[in-house]
Amino acid sequence: EALVGLLDAVLADPLVDWTSEREGMAARQNLELAVSLSLFVSRLEEVWDALKQQMDELVPLLDGPGSVMAAYCEVHSFLSGLQARVAQAQHKAAAEEALHHYPGGEPTKINSIPLPCCRT
């Protein structure tokens, strides 16, 4: 009975904030998501640079305009697919961020990260 009374007093204590741990976990998850997205974008930029360098070296070696056009179409298709995956990942991350708030009550924000393949 004494134990039940003690547990009842501790669990019902209005001075104990049980939500702070959940808010802290949500903030950590938001930070991890932002770091993961940043690392993904960094890796994508590395791949983009390597692919562009290879393309610059390959185009002069190809003979005939048909070969060049086919290579361009293949590379363009590949990059479009990567671009769509990045946009989908950014959209998903932004949606998850919109659901969570920092402990201070301010909503989290993900800034759009410009990618070399998305520049116009």
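The values are calculated or read from the model by the stated rules, or taken from the named source; none is laboratory data. Please read these numbers as outputs of a predicted model, since none were measured by experiment. FYI the Cβ positions are ideal-geometry reconstructions off the backbone, even for glycines, and counts take in every protein chain you see.
Going by the conditions given, is L44 among the aliphatic types (A, V, I, L, M), touching a Pro at 6+ places or on another chain (Cβ under 9 Å) and assigned to a helix (DSSP H, G or I)? When the stated conditions are applied, L44 passes them.
Residue by residue, here is whether (1) at pLDDT below 70; (2) over 20 Å from S38 (Cα atoms) holds:
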{"position": "K52", "(1), (2)": "no, yes"}
{"position": "P60", "(1), (2)": "no, yes"}
{"position": "G66", "(1), (2)": "yes, yes"}
{"position": "F78", "(1), (2)": "no, yes"}
{"position": "G81", "(1), (2)": "no, no"}
{"position": "A87", "(1), (2)": "no, no"}
{"position": "A94", "(1), (2)": "no, no"}
{"position": "Y102", "(1), (2)": "yes, no"}
{"position": "P107", "(1), (2)": "yes, no"}
